[in-house]
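A short write-up of the structure that comes next.
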Amino acid sequence: MRILILGGTTEASALARLLSGRSEFSPVLSMAGRTSEPRPVPVPTRIGGFGGVDGLACFLLQERIEAVIDATHPFAAVMSRNAAEACARVHVPLLALRRPPWIPQAGDRWTEVNSMEEAVDALGDEPRRVFLTVGRLELPPFADAPQHTYLVRTIEPIGDALPVPNVIAIQDRAPFNEAAERALMEREQIEVVVTKNSGGAATYPKIVAARALGLPVIVVARPQKLRGVEEVASADAALEWLERYHGRTP
């Protein structure tokens, strides 16, 4: 069974590892190529885009793909929409593999917003020391609030994505731990944290650390789910779904 995994997440890598030892499955993992040194996985991998809906639909036909697992980041809305449209066009079953979102707990001081622009507004006019953990591609809107000091953590260098006077850029990759996150926030005298509601355990320690320090957290909500696309929350559940489809005529 030929399977395309749209990846770039820990869930995608976990599913690839589950499939790698199964002779009845032939998976290929596709990644956008935004990370220069992705972690290796034990299945064939392709890097780069498809060329929109048309390109993805052609790829599915040419490669005789029989199922697609959309395990992209919960905020990769364009890719998810393209996958849904391409799969519908060529009649290939599609499953979304999405980790559950974080839920506010007792002691959390969350302000939930729907976009990066709303997150910028929520910071207010007075200068603050901001721990900005939204990813390199989401930085430009914060240039509209240059009065703040930003501690920015990304996997790749930020380049000129945030042209403001006071930026401290660090490069690091999850998983993180609570003690280190708390020490970082205390050392940099952070006053507010800005994050996406990415879910998962790898980056959740920053939420726990902010809770322990009593810091406010501005949380950007996920895009709305796509209608008509079945969704599961774990690689194991995605494997079960593929097992049900195995052997059916595409």
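Taken together, the values in this text are just the output of simple stated rules run on the coordinates, not laboratory data. Note that the structure is a prediction, hence the values are computed from the model and not measured. Reconstructed Cβ throughout: ideal geometry from the backbone, glycine too, with neighbour counts over all protein chains shown.
Some points to look at:
- To the nearest ten degrees, helix 178-187 and the longest principal axis of the Cα atoms of the chain are 40 degrees apart.
- Cα long-axis angle, helix 77-90 against the chain (0 to 90 degrees, to the nearest 10): 10
- Under the simplified labelling scheme, the residue 147-residue 63 pair shows an inter-label distance of 4.9 nm, with each label point 7 Å from Cα along Cα→Cβ.
- Equivalent-ellipsoid semi-axes for the chain (Cα gyration tensor, √(5λ), whole Å, largest first): 36, 18, 16.
- Computed from the C-alpha gyration tensor, the three semi-axes of the ellipsoid equivalent to segment 15-139 are 35, 17, 15 Å, from longest to shortest.
- Highest mean packing first, where packing is the average number of other Cβ atoms within 10 Å per residue, the peptides 13-19, 89-95 line up as 13-19, 89-95.
- Ratio Rg/Rh [Cα only; Rh per Kirkwood] for segment 109-220: 0.91
- Just so you know, the Cα atoms of segment 98-149 work out to an Rg and Dmax of 12.6, 37 Å.
- FRET efficiency, 1/(1 + (r/R0)^6) with R0 22 Å, evaluated for residue 2 and residue 45 via beta carbons: 0.90
- Folded to 0 to 90 degrees: helix 10-20 orientation relative to the chain principal axis, Cα: 30
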